[in-house]
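Below is one structure, written out as structure tokens; comments come after it.
No value in this document is a laboratory result; all are computed from the given coordinates. Small disclaimer: the values here were computed from a predicted structure and weren't measured. As a convention, Cβ positions derive from the backbone with ideal geometry for all residues, glycine included, and neighbour counts pool all protein chains shown.
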Amino acid sequence: VTGLSVAEVFSHALRGEVCHLTTPGEYRLELPVADWRRPSDAGDELLLRWCDGATLDVGCGPGRLIAELAVRGHVALGIDIVAEAIEQSRSRGAAALERDVFAPVPGEGRWETALLADGNIGIGGDATTLLDRIRRILRPGGRLVVETAPPGQRSSTVVARLECPCGHSGAFPWSVVSIDDLARMAQPAALVEVARESAGGRWVAVLMESPR
Ligand SMILES: C[S@@+](CC[C@H](N)C(=O)[O-])C[C@H]1O[C@@H](n2cnc3c(N)ncnc32)[C@H](O)[C@@H]1O
């Protein structure tokens, strides 16, 4: 079967099938689904400690971060385009909705914190467009917590597709953003970097609306 949607292949992956992200003539990367499905661990603290107040996890996957935020008593909602991700998030006791970040979300303009974890800065293939969208989801003075690729790594946008044992998706753009380039990409979206941290090979930046 070809012509699966991206969401369909992600569903297969979340149900435990070995799936790959491929780019023409370049690379074939197994989707690190075990990393998404594991319980939240000490490494996630790097992201979670910046989540203050009502938090929206954009591209929440199976929900380990929102589940942990809920346990800590935060108001936290995950959104994802994959129904299986939403089901798995809910079965962990987290609140999650099947929504595309580029379509309206509940609480537009009122979220205290938004989270882009695990490379989700790549959603849509244009970081500035995604960051601009998320600034509008946040309340004025809200913060965006972004996990990035490490310094020294080249930022890039690829046209990728997802493959599972029963077929593949159409092509879609996906970006990898190094922390070196994030502030430059955030500037046209009226966001500035206010903090940066690293631990265990993971890198996180905190962005806020630029002062007018
Ligand atoms: C790299 S995975 C990260 C999963 C999750 N953060 C985790 O650790 O479990 C990317 C996730 O973003 C979701 N996604 C992709 N495009 C999206 C969009 N436009 N709006 C919302 N979610 C999206 C995918 O379905 C997938 O679950």
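Seen from all directions on average, the chain presents a Cα convex hull projection of 11.0 nm². Values of log10 I(q)/I(0) for region 93-212 across q = 0.19 Å⁻¹ run -1.07, by the Debye formula with one identical scatterer at each alpha carbon and no solvent.
Looking at the chain, the DSSP beta bridges with both ends there are about 60 percent antiparallel. Highest-first packing order for the peptide set 118-128, 145-155 is 118-128, 145-155, based on the mean count of other beta carbon atoms within 10 Å. Proximity of backbone amide H atoms, modeled 1.01 Å from N, is registered between Ala114 and Leu56, Arg143, Leu144, Val145 at under 5 Å, excluding neighbours fewer than 5 places apart on the same chain. Computed from backbone phi with θ = phi - 60° and the Karplus coefficients 6.51, -1.76 and 1.60, the 3J(HN,Hα) list for region 32-46 is x, 5, 4, 5, 7, 8, 5, x, 4, 10, 4, x, 6, 4, 3 Hz; x is used for glycine and proline.
All other residues whose Cβ lies under 11 angstrom from that of Gly124 are scored, Lys and Arg at +1 and Asp and Glu at -1, for a net of -2. Residues whose amide H comes within less than 5 Å of that of Leu97, counting only those at least five positions distant or on another chain, are Gly78, Ile79, Asp80 (H built at 1.01 Å from N in the peptide plane). Membrane-span-like helices in the chain, defined here as complete DSSP H runs extending at least 30 Å along the helix axis by their C-alpha atoms with mean Kyte-Doolittle hydropathy no lower than 1.6, are absent; this is a sequence and geometry rule, not a statement about a membrane.
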